[in-house]
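Colleague: There's a structure below that I have some questions on.
All of the numbers you see were taken from the coordinates with simple rules; none came from a lab. Quantities reported herein were computed from a predicted structural model and do not represent experimental measurements. Here the Cβ positions follow ideal geometry from the backbone for every residue, glycine too, while neighbour counts run over all protein chains shown.
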Amino acid sequence: MRVLIGVQGTGNGHLSRCSALAEALRAEQVEADFLISGRAREALFDMEVFGNWQWQPGLTFQVRDGKVRLVDTLRKNDWAQFKQSVRELRLDDYDLVLSDFEPITAWAARKQGKRCIGIGRQFAFYHKHAQLPVTLLQRQLLKQFVPVSDVVGMHWQRLHDNLLPPVIHQRGNESVAATEEAILVYLPFESLAAVRQLLTAFPQQKFKVFHPQVKREDVGHISYFPPSRNGFAEAMRNSSGVIANAGFETTSEALALGKKLLVKPLHGQFEQQVNAHALQSAKLAAVMTKLSTEAVAEFLTMSSAVQCEWPDVASALAKWIAAGATTPIKELSDVLWQQCRLNTNEVGFQKRVSDKTELELNGSPGWIRTNDTWINSPPL
């Protein structure tokens, strides 16, 4: 079987998720080619797992100072080049097309009458649900951006039948104790100056900052690192907590490792706004609506964290794809959600964050099996 997988390169989460899928498909002897778009080719890193991958400019959001800039997005995307890329991409040699929110592959499949399966976080929003508050207009924009035949969404809870748990590349069945007291900071959409100003207020706390605008250096209590998938994974495993934007993959990896988590959603990007809302509602993370020393100070005092134990979703997906992706996704969803468990490592935790909302973890400690959704499970 030969498949083409389109990967939205704007965020590292898409690349991390698809790198796990690439390894799993190789184990199933599925021949997978990859097309990456949405980021300058020279800005991509650690791409060996994708083999002889293709690149196209594609489409992406323009972000400045932690906010999506709509006018810049409309002006700076090369729409003529996008149409040409769609027109020139030939799919005759592929049995199946997959898209992790990558528009060129999806639109080419639509125009050529090829089945295209959308796999990834954004496809959780293609079906209406009260706990994923996306407007009708936003949902239609998503569907027009990446039109697909079938959707396989991902979320932290099972809200409907086409949702799977997250794909975690660096997996572990147990929470990982911090080997150092450093906090991992990953705020790539915030200005570096703003991140530095935020962390300078805490000279007694060590921070490891990954940011696309830095080179490797140590400045007092802050260590700076350029993007690196392996280096980032190691830093997260060794950290005592994570401060990040509200992207799906980074937050999922932190929860899989049982790290306390503070997220700041990207303004103007409704997916991150919904992610933050969902994390807060499910009591999985603290949220700050802006970079705030008050929020960070409260976060640093937290002794509680939540660990989500998810199964090997990448391997399950690879087996499903290798078999032709003909089994109803509900059946795969049923099996995987039966294997999910949630753990809290402290009882009665309550903290207030900068926007004055409260997050509480009350009840008894230990594992809770999630046969349906965490919302409907016994209270934590």
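Colleague: Picking from Tyr224, Ala235, Phe207, whose Cα lies most toward the positive end of the charge dipole for the stretch 199-238 (charges on Cβ: Lys, Arg +1; Asp, Glu -1)?
Modeller: Of the listed residues, the answer is Ala235.
Colleague: Counting other beta carbons within 10 Å of each residue's own, what order do Cys340, Cys18, Cys308 fall into, fewest first?
Modeller: Ranked by crowding around the Cβ, least crowded first: Cys340, Cys308, Cys18.
Colleague: What is the mean projected area of the alpha carbon convex hull for the stretch 73-203, to one decimal in square nanometres?
Modeller: 12.8
Colleague: How far apart, in nm, are the 7 Å Cα→Cβ label points at Arg26 and Leu300?
Modeller: My value for the distance between the label points is 4.2 nm.
Colleague: Arg216 to Asn230: extension gain in nm, 0.36 nm per residue of separation minus the Cα-Cα distance?
Modeller: 3.6 nm
Colleague: Something else now. What is the set of long-range amide H partners of Ala246 at a cut-off below 5 Å, with H atoms built 1.01 Å from backbone N?
Modeller: Under 5 Å from the amide H of Ala246 lie the amide H atoms of Lys264, Leu266, each far enough along the sequence or on another chain.
Colleague: Considering the options Leu266, Phe299, Phe248, tell which one lies farthest towards the positive end of the dipole of the stretch 243-311, charges being +1 on Lys and Arg and -1 on Asp and Glu at the Cβ, about the Cα centre.
Modeller: It is Phe299, whose Cα lies furthest towards the positive end.
Colleague: Take Gln204 and Leu192, extend 7 Å from each Cα along the Cα→Cβ direction, and tell me the distance between the two endpoints in nm.
Modeller: Result: 3.0 nm between the two label points.
Colleague: Then there's this: Counting pairs of alpha carbon atoms under 8 Å apart in space and at least six apart in sequence, what relative contact order in percent does the stretch 193-303 give?
Modeller: 19 percent.
Colleague: Ok, one more. Using the Karplus curve 6.51 cos²θ - 1.76 cosθ + 1.60 with θ = phi - 60°, what ³J(HN,Hα) values do you get for each residue of the stretch 151-168, in whole Hz, with x for Gly and Pro?
Modeller: 10, 10, x, 9, 7, 7, 9, 8, 9, 7, 6, 9, 9, 10, x, x, 7, 10
Colleague: So, in Å, what gap is there between the alpha-carbon centers of the stretch 200-215 and the stretch 44-59?
Modeller: 29
Colleague: Now for a different question. Mind pulling the per residue volume of the convex hull built on the Cα atoms of the stretch 256-305? Å³ is fine.
Modeller: Convex hull volume per residue, Cα atoms: 75 Å³.
Colleague: Please state, rounded to one decimal and in Å, the Kirkwood hydrodynamic radius that the stretch 134-257 gives when every pair of distinct Cα atoms enters the mean of 1/r.
Modeller: After inverting the mean inverse Cα-Cα distance, the result is 16.6 Å.
Colleague: On full extension of the chain, what length is gained from His267 through Val335, given 0.36 nm per residue of separation minus the C-alpha to C-alpha distance?
Modeller: Full-extension gain reported as 20.9 nm.
Colleague: Moving to a separate point now. Taking the Cα atoms of the stretch 205-348, report the difference between the largest and smallest coordinate on each principal axis, in whole Å and largest first.
Modeller: 54, 39, 32
Colleague: Looking at the stretch 1-156, I'd like the Rg to Rh ratio, where Rg is from alpha-carbon atoms and Rh is Kirkwood's inverse mean 1/r.
Modeller: 0.95
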